[in-house]
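K.L.:
Below: one structure in structure tokens.
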Amino acid sequence: MGDGPLLIERRSDRVVATLHRPDKRNAVDQSMIDALHALCGELESDPRILILTGSGGTFAAGADIAQLRDRRAEDALRGINATAFIRVNELPMPVIAAIDGYALGGGAELAYAADIRIGSSSLKIGNPETGLGIIAAAGATWRLREIVGDARASELLLTGRVLDADEALVAGLISSVHAPELLLSAAHAIADRIAANDPVATQYTKRALRAPRDRHPAIDGELQAELFESPEKERRMTAFLEKRTTR
Ligand code: COA
């Protein structure tokens with residue numbers, strides 16, 4: 001697993017990446033961003049499900065404020081965290097964020113970049129950036145709106161209010177709540193379901209989900225056209241019709 005800012009457990013069908021800067025509440029600093037880019041490179045060439053989580057009962061208490069304070073205009077324009085989170089979001093296979101405890105600022109934005117989010121009962125998620133004199137520039141202003149809708153995203157980003165697990169569930173920001181000690185196994189159960197399906201169909205579904213509105217329905221037809229010719233589709237449908245398991 002190593003001992004950097006990102007602990008990585010590799011399995012054949014999934015990778016578990018644990019944000020790990022325990023003395024800084026897993027605040028996202030440059031070293032963590034570098035580690036995320038390296039992991040994305042690996043998962044782009046060898047697609048697997050990614051489970052993102054945090055160590056010590058915290059997801060991530062934000063971007064590293066000590067580094068943020070020193071950043072200047074040119075750093076903002078480079079979009080250091082935004083670029084990494086877009087790369088996470090664009091991974092070929094699904095990304096599941098298992099969010100325990102604090103997910104604030106840049107930590108919340110990393111969670112927003114996941115395809116699926118689940119939380120623990122101790123979740124505290126939100127974007128207090130305006131209180132620090134900055135905006136939430138690593139995805140919240142567009143991704144949070146896509147996830148929870150314009151009205152709620154505006155309320156949350158303009159007030160900096162932090163949601164607990166029940167509020168996040170009602171808002172649709174997370175899809176389920178678990179006891180902290182069961183959170184990771186719940187993420188694995190989701191990964192198990194995904195892993196039982198055809199990985200190419202899963203990747204194509206993610207691609208279609210991410211496509212802009214004006215690419216539909218053309219993109220759906222194009223992706224489906226490829227799958228309709230695939231041996232795996234033939235095998236899975238034949239197995240169903242012959243009442244055999246698809247495994
Ligand atoms: N950036 C840098 N360091 C951070 C940090 C962040 N986002 N969040 C926490 N830390 C550091 C603290 O400075 C402290 O370091 P120290 O021990 O060297 O003093 C350490 O992590 C522990 O944090 P502490 O505040 O003592 O823990 P807590 O349990 O009392 O409070 C929080 C937890 C999350 C409520 C609190 O740390 C906090 O408000 N963090 C900042 C949240 C924020 O504004 N995030 C948005 C950034 S864009």
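K.L.:
Given the criterion modelled with pLDDT of 95 or more, within 16 Å of the ligand (Cβ to nearest atom) and either surrounded by fewer than 24 Cβ atoms within 10 Å (Cβ to Cβ) or not polar (S, T, N, Q) (or both), identify the matching residue among Ala61, Ala73, Ala97.
P.N.:
Ala61
K.L.:
While we're here: List the number of the failed condition for Ile49; all other conditions in (1) within 16 Å of the ligand (Cβ to nearest atom); (2) under 26 Å from Arg207 (Cβ atoms) hold.
P.N.:
(1)
K.L.:
Could you please find all residues in the range 222-247 being open to solvent by less than 100 Å² (accessible area, probe 1.4 Å), aliphatic (A, V, I, L, M) and more than 14 Å from Pro199 (Cα to Cα)?
P.N.:
Matches in the range 222-247: Ala225, Ala239.
K.L.:
Tell me whether the range 121-137 contains one or more residues that are touching a residue at least 60 places away in the same chain (Cβ under 8 Å), closer than 16 Å to Thr58 by Cβ, open to solvent by 10 Å² or more (accessible area, probe 1.4 Å) and more than 10 Å from the ligand (Cβ to nearest atom).
P.N.:
yes
K.L.:
Among the listed residues Asp3, Asp23, which satisfies the condition of being open to solvent by 30 Å² or more (accessible area, probe 1.4 Å), part of a helix (DSSP H, G or I), of a type outside the set (S, T, N, Q) and over 27 Å from Asn197 (Cβ atoms)?
P.N.:
Result: Asp23 is the single residue among Asp3, Asp23 that is open to solvent by 30 Å² or more (accessible area, probe 1.4 Å), part of a helix (DSSP H, G or I), of a type outside the set (S, T, N, Q) and over 27 Å from Asn197 (Cβ atoms).
K.L.:
Now a separate question. Taking the range 100-117 only, how many residues are more than 10 Å from the ligand (Cβ to nearest atom) and closer than 26 Å to Asp23 by Cβ?
P.N.:
7
K.L.:
When residues of the range 181-221 are filtered for being surrounded by 15 or more Cβ atoms within 10 Å (Cβ to Cβ) and not hydrophobic (A, V, I, L, M, F, W, C), how many remain?
P.N.:
10
K.L.:
Please go through (1) of a type outside the set (Val, Ile, Thr); (2) more than 10 Å from the ligand (Cβ to nearest atom); (3) without any contact (Cβ under 8 Å) to a residue 40 or more places away in the chain for Leu91 and return the number of the only condition it doesn't satisfy.
P.N.:
(3)
K.L.:
Considering only residues that are on the phi < 0 side of the Ramachandran plot, buried (at least 20 other Cβ atoms within 10 Å of the Cβ) and small (Gly, Ala, Ser), which ones fall in the range 138-159?
P.N.:
Ala138, Ala140, Ala153
The values are calculated or read from the model by the stated rules, or taken from the named source; none is laboratory data. On a predicted model such as this, the values are computed, not experimentally measured, just so you know. Positions of Cβ are backbone-derived with ideal geometry, glycine not excepted, and every protein chain shown enters the neighbour counts. Protein only, heavy atoms only, side chains kept; ligands, DNA and RNA dropped before computing areas. Shrake-Rupley method; radii C 1.70, N 1.55, O 1.52, S 1.80 Å.
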